[in-house]
Amino acid sequence: MTKIKAQPGIMDISLYVGGKSHVDGVANTVKLSSNENPFGPSPAAQEAVKRSVHDLHRYPSTSHDELREAIAEVHGLDSDKIILGVGSDEIIAFICQAFAGPGDEVIHTEHGFAMYRISTLAAGATPVEVKEHERVTDVDSILAACTDKTRLVFIANPNNPTGTMIGMAEIERLAEGLPENCLLVLDGAYAEYVEGYDGGAKLVDVRENVVMTRTFSKLYGLGGMRVGWGYAPKEVVDILNRVRGPFNLSTPALAAAEAAIKDRTYAEKCRDENTRLRAWLSEALAEHGVPCDTSTANFVLARFGNPDEAQACDAYLQTQGLIVRQVAGYNLPNCLRITVGDEPSCRQVAHAIGQFKAGAR
Ligand SMILES: *Cc1c(COP(=O)(O)O)cnc(C)c1O
């Protein structure tokens with residue numbers, strides 16, 4: 001037996017399972033399993049990546065000034081309070097590493113994003129899972145679960161995989177009710193899809209205990225580039241920057257994200273298409289007897305009668321070349337999460353679910 005042992009908590013981590021991308025024996029598939037932008041990144045972002053290849057012998061920026069300033073300008077934020085990460089996953093990891101350790105508790109909700117638990121365990125801290133109310137974040141349950149060991153509370157708003165969100169008044173009540181020395185992390189991976197919602201940025205500006213995370217992987221279609229950011233009080237950013245590697249983001253990634261966020265026309269077009277097709281898809285599924293909660297993101301959570309039916313439907317969709325996401329690992333065994341694709345994909349998946357409900361297997 002080897003004497004080499006991992007730190008406490010590490011072996012409790014179950015590996016993250018990403019959305020499937022192939023079906024054996026099916027050539028042309030439609031991937032609706034990872035909440036990717038069906039239209040891809042802005043052409044300006046693609047051009048920026050091509051231009052960046054001439055500089056690949058140089059180390060990238062460590063301060064990320066240009067991208068932080070571009071983000072600050074678009075969102076009306078203070079660029080000194082922005083930190084960039086290799087996806088927002090890295091920001092989540094920095095937060096856990098910097099603020100939680102052995103003996104500390106980190107709260108996430110029962111259908112919350114898998115990375116909260118993974119990064120908590122990686123930091124040696126203890127994840128605490130709190131009930132939601134009918135697939136919606138429940139502020140009272142979170143407040144009731146807080147102890148003097150609670151250091152972090154993670155909520156995604158809108159949440160993945162439910163697509164539901166809570167209002168600003170509830171978020172403020174949560175931030176106000178947390179114990180001292182506990183940070184509220186608002187994961188805004190899907191905030192761009194909600195018109196008029198700032199992801200909690202203004203709350204960050206007026207409180208000491210709120211951090212917001214955002215990503216270029218969803219609306220901006222840059223999941224393959226791995227760029228995310230956090231917005232936090234200066235003191236918190238200063239702490240997080242100490243655990244950040246100086247060259248965490250590559251030159252092409254920085255260039256792509258800067259061009260993407262500056263292309264407002266493209267981003268708005270993608271958001272509007274998502275809003276239109278999401279409504280169409282939810283309605284089409286409801287007509288086939290498959291209800292969804294009202295989603296505010298770029299996916300819907302389709303609810304089936306029971307776990308067997310959800311699995312059978314997933315298997316049938318795969319025979320049709322349609323890849324969606326099973327979410328049993330998120331305590332939702334009777335559901336399938338379906339990314340809002342382009343119009344042909346939405347029509348295809350709705351049609352196939354209709355056929356399945358009509359008896360096709
Ligand atoms: C997709 C997603 C992320 C973003 O991940 P990246 O590391 O930025 O690609 C973060 N939180 C939630 C809830 C997500 O669904």
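The values are calculated or read from the model by the stated rules, or taken from the named source; none is laboratory data. Since we're looking at a predicted model, the values are computed, not measured. Positions of Cβ are backbone-derived with ideal geometry, glycine not excepted, and every protein chain shown enters the neighbour counts.
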**OP:** With respect to residue 36, determine if the residue is among the acidic types (Asp, Glu) and within 16 Å of the ligand (Cβ to nearest atom).
**Re:** yes
**OP:** Would you check which residues across the stretch 76-96 are closer than 16 Å to residue 228 by Cα and more than 16 Å from the ligand (Cβ to nearest atom) and list them?
**Re:** 77, 79, 80, 81
Subject >> Residue in the stretch 104-115 that is surrounded by fewer than 21 Cβ atoms within 10 Å (Cβ to Cβ), on the phi < 0 side of the Ramachandran plot, part of a helix (DSSP H, G or I) and under 18 Å from the mean Cα position of the chain (by Cα) present >> reply: yes
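Residue by residue, here is whether (1) buried (at least 21 other Cβ atoms within 10 Å of the Cβ); (2) on the phi < 0 side of the Ramachandran plot holds:
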{"position": "221", "(1), (2)": "yes, no"}
{"position": "235", "(1), (2)": "no, yes"}
{"position": "241", "(1), (2)": "no, yes"}
{"position": "259", "(1), (2)": "yes, yes"}
{"position": "264", "(1), (2)": "no, yes"}
{"position": "269", "(1), (2)": "no, yes"}
{"position": "279", "(1), (2)": "no, yes"}
{"position": "291", "(1), (2)": "no, yes"}
**OP:** Looking for whichever is more than 16 Å from the ligand (Cβ to nearest atom), outside the structural domain of residue 175 (by TED's automatic domain parsing) and in contact (Cβ under 8 Å) with a residue 24 or more places away in the chain here; the options are 283, 273. Which one fits?
**Re:** 273
**OP:** Answer with yes or no whether residue 47 is part of a helix (DSSP H, G or I), without any contact (Cβ under 8 Å) to a residue 12 or more places away in the chain and surrounded by fewer than 19 Cβ atoms within 10 Å (Cβ to Cβ).
**Re:** no
Original post:
If we scan the stretch 118-141, do we find a residue that is under 21 Å from residue 197 (Cβ atoms) and in a strand (DSSP E or B)?
Top reply: no
Subject >> residue 221 in contact (Cβ under 8 Å) with a residue 60 or more places away in the chain, in a loop (DSSP other than H, G, I, E, B) and either in contact with a Pro (Cβ under 7 Å, 6 or more places away or on another chain) or not polar (S, T, N, Q) (or both) >> reply: yes
**OP:** Can you tell me which residue within the stretch 341-357, out of those that are touching a residue at least 60 places away in the same chain (Cβ under 8 Å) and among the small types (Gly, Ala, Ser), is surrounded by the fewest Cβ atoms within 10 Å (Cβ to Cβ)?
**Re:** 354
**OP:** Collect the residues in the stretch 30-65 that are touching a Leu at 6+ places or on another chain (Cβ under 7 Å) and not aliphatic (A, V, I, L, M), keeping them in residue-number order.
**Re:** 37, 41, 60, 61, 64
Original post:
Does residue 71 satisfy the condition of being in contact (Cβ under 8 Å) with a residue 24 or more places away in the chain, in the same structural domain as residue 240 (by TED's automatic domain parsing), within 16 Å of the ligand (Cβ to nearest atom) and in a helix (DSSP H, G or I)?
Top reply: yes
